[in-house]
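Just below is one structure, and these are the notes that go with it.
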Amino acid sequence: MPRGIPPLTQRLIVAGNTIPVLGEAAVVGNGSELLLLDTLDLQGNCIRRIAPGAFEGLSNLKTLNLSENALGSIASDAFRDLSLLHTLCMNRALHQLPAEQLWTALDPRHLPNLTQIQLVGNQLRNLPEDLPTSPKWEMLDLRDNLLGRVGERTTSWLQQHPSLKVYLSSNPFVCDCQLWPMYLWLKNTSQVGDKKKMTCHCPQPLNGTLLTQLTAEDFKCPEADAASYVFLGIVLALIGATFLMVLYLNRKGIKRWASNFREACRDQMEGYEYRYEHDSEPGVASVSAVV
C-alpha cells in the first residue's frame with residue numbers, strides 16, 4: 001500500500017497494482033492515519049487473500065470496492081472494525097473462493113450497517129439455504145453468475161425480508177420441476193428488480209424463454225412421471241397378486257362352482273336337444289302330407 005497519504009483524505013483509489021495479500025491493518029499499517037476515510041477503491045490489484053482485520057483503523061469507511069481482483073481466501077473476520085460500512089463491491093473479484101468463506105465474512109456481526117452488496121460476475125453456483133444476512137440489507141446483486149436456481153428455504157427467507165432488492169438476471173437457470181418454488185416466488189414478489197430479464201438456460205426446448213412466461217406445465221419432470229408409472233405398476237402387481245391369492249385359497253369352492261355350472265349347462269343343452277327332436281316329427285309329417 002502507498003505511504004504518505006494525507007490524514008484528511010476522504011476518498012482513496014489504489015488501482016492497477018500487484019498487491020497479492022492484504023495483511024492485518026493493511027491500509028494504515030504503514031503509519032497513515034485515515035480516520036476520515038469514507039471511500040476506499042482497490043479495484044484491479046491482483047488481491048488473492050484478505051487476512052483477519054485487514055481494514056482495521058478505517059472505522060469511518062462507508063464504501064469499499066474490491067472488484068476485479070482474484071480472491072481465493074477471505075478470513076472470517078476480514079471486515080471487522082467496519083461498523084459503518086454500507087456498500088461493498090466485489091464484482092468479478094472471487095477466483096475459486098469457497099462460497100462459505102464469502103458468506104461467513106459477510107456476517108452481520110462484522111458489518112452491522114451493510115446495506116448494498118454487489119457480487120456480479122463471480123461464478124457463484126448456489127446460495128446457502130441460511131443466508132447470514134441482516135434485515136438492513138437493501139440490495140443484493142447476483143447478476144452474471146452460475147446460479148441454476150434459488151432454493152426453497154432461501155426464497156422463504158427472502159420473503160421475510162421484503163425490503164431487500166435482489167438482481168438475478170444473466171444466470172443459467174435450470175427450468176425443471178425443482179425450480180417450482182422459485183417460480184412461485186417470482187410470480188408473487190416485487191423483490192427481484194430484473195425478473196423480466198431472467199431466462200431459462202435448459203432444458204433445450206426452454207432455452208432463452210423468460211421465466212415470467214413459463215406455465216405450470218413447464219415444470220413437469222420426466223423422472224417424476226417415470227416414478228409415477230413405476231408406482232402404478234407396483235400397485236397393479238399387488239392387486240394381481242392379491243387376486244391370485246384369493247383364487248388359490250378358494251380353489252375348492254371355485255372348482256365345485258365350475259363343476260355345477262358345467263352340469264347345469266349340460267342339462268340345459270340336453271333339454272334343448274330333446275325338445276328339438278320331439279318337435280321335429282310334426283314338421284316332417286306335414287311335409288309328407290303336402291307331398
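Quick look at the numbers
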{"quantity": "Total residues in region 124-135, condition over 20 Å from Lys197 (Cα atoms) and either among the small types (Gly, Ala, Ser) or at pLDDT 90 or above (or both)", "calculated": "1"}
{"quantity": "Qualifying residue in region 211-219 (condition: assigned by TED's automatic domain parsing to the domain that holds Thr87, outside any helix (DSSP H, G or I) and in contact (Cβ under 8 Å) with a residue 24 or more places away in the chain)", "calculated": "yes"}
{"quantity": "Test: Met139 is among the hydrophobic types (A, V, I, L, M, F, W, C), free of Cβ contacts under 8 Å to residues at least 60 places away in the same chain and surrounded by fewer than 16 Cβ atoms within 10 Å (Cβ to Cβ)", "calculated": "yes"}
{"quantity": "Qualifying position, being surrounded by 14 or more Cβ atoms within 10 Å (Cβ to Cβ) and more than 21 Å from Asn113 (Cβ to Cβ), among Gly16, Gly53, Gly29", "calculated": "Gly29"}
{"quantity": "Verdict on Ser67 being of a type in the set (Ser, Thr, Tyr), within 37 Å of the chain's Cα centre (by Cα) and surrounded by 17 or more Cβ atoms within 10 Å (Cβ to Cβ)", "calculated": "yes"}
{"quantity": "Per-region count, region 77-105, residues farther than 20 Å from Gly151 by Cα and assigned to a loop (DSSP other than H, G, I, E, B)", "calculated": "17"}
{"quantity": "Subset of region 140-188 (residues that are under 23 Å from Gln96 (Cβ atoms), in a loop (DSSP other than H, G, I, E, B), of a type outside the set (Ser, Thr, Tyr) and modelled with pLDDT of 90 or more)", "calculated": "Leu142, Arg143, Asp144, Asn145, Leu146, Leu147, Gly148, Arg149, Val150, Leu168, Asn171, Pro172"}
{"quantity": "Count of region 17-44 residues which are over 34 Å from the mean Cα position of the chain (by Cα), part of a loop (DSSP other than H, G, I, E, B), polar (S, T, N, Q) and at pLDDT 90 or above", "calculated": "2"}
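The values are calculated or read from the model by the stated rules, or taken from the named source; none is laboratory data. This one's a predicted model, so the numbers in the text were calculated from it and none came from an experiment. Because the Cβ atoms are built from the backbone with ideal geometry, glycine has one as well, and the counts that use them run over all protein chains shown.
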